[in-house]
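Quick notes on the structure that follows.
The values are calculated or read from the model by the stated rules, or taken from the named source; none is laboratory data. Predicted, not measured: the structure shown is a model, and the values here were computed from it. Here Cβ is always computed from backbone atoms with ideal geometry, including for glycine, and neighbour counts include all displayed protein chains. Ligands, DNA and RNA are stripped out before the accessible areas are found, and what is left, the full protein with its side chains, is counted by its heavy atoms. Shrake-Rupley method; radii C 1.70, N 1.55, O 1.52, S 1.80 Å.
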Amino acid sequence: MPLSGSPARRLRSGHTTILPTMASGDDSPIFEDDESPPYSLEKMTDLVAVWDVALSDGVHKIEFEHGTTSGKRVVYVDGKEEIRKEWMFKLVGKETFCVGAAKTKATINIDAVSGFAYEYTLEINGKSLKKYMENRSKTTNTWVLHLDGEDFRVVLEKDTMDVWCNGKRMETAGEFVEDGTETHFSVGNHDCYIKAVSSGKRKEGIIHSLIVDNREIPEILE
């Protein structure tokens, strides 16, 4: 779904506010903090919020349509319609659905700010998107590598030691080595392992490194 010319704004903090106001003559809605020109109701889409959510099995796009006249609510996950409610008497409330292979719980909260203004916030597993991603950065490691002409996203869940690659949980084999542990798996014909060693510092804890074909891959922050 094209986003150009729509009121949707990509947000990592997990909320957006939309403020339709009635202009004399053409009833054009004006969106708060939107410098683009007003849009007629006929051309306007009801898309009001878009979020990117990084989970172990990939980055998922959540899109939300809210018709402030009809009360319509539509939720899309990765372009697939998950929820559709055409007529809702209450314009505020919440919609709950699942995201990703692990069926992670997500909730969109619709709150009235003032007048015709509405705020949309996304929660993941009961936490605000910002809090969830901050916590996730402490419990996972993510690497992106390029092999045989393809991009691969490898995620380690440190609490379970599960390894994901491009949305699939990998078969792994762990072994103890002299200075820590190694978790081995394969990507295509390439030998990979995640090495865990103690940092020697309480605050840093265990350091995890991804080695592919005897080459260390730099970690990324999501």
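Summary of computed values
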item	result
Extreme residue, nearest to His66 (Cα to Cα), among residues of the stretch 105-141 that are of a type in the set (Val, Ile, Thr) and out of contact with any helix residue (DSSP H, G or I) (no Cβ under 9 Å at 6 or more places or on another chain)	Ile110
Scope the stretch 66-99; condition open to solvent by less than 30 Å² (accessible area, probe 1.4 Å), of a type outside the set (Gly, Ala, Ser) and under 22 Å from Val113 (Cα atoms); matching residues	His66, Arg73, Val74, Val75, Glu95
Answer residue from the stretch 101-117, given it is touching a Leu at 6+ places or on another chain (Cβ under 9 Å) and modelled with pLDDT of 95 or more and is surrounded by the fewest Cβ atoms within 10 Å (Cβ to Cβ) among those	Thr107
Residue satisfying all of: in the stretch 190-218; among the basic types (Lys, Arg) and outside any strand (DSSP E or B); surrounded by the most Cβ atoms within 10 Å (Cβ to Cβ) among these	Lys201
Residue count for the stretch 96-124, restricted to those that are under 27 Å from Ile206 (Cβ atoms) and under 12 Å from the mean Cα position of the chain (by Cα)	3
Per-region count, the stretch 86-100, residues modelled with pLDDT under 95 and of a type in the set (D, E, K, R)	2
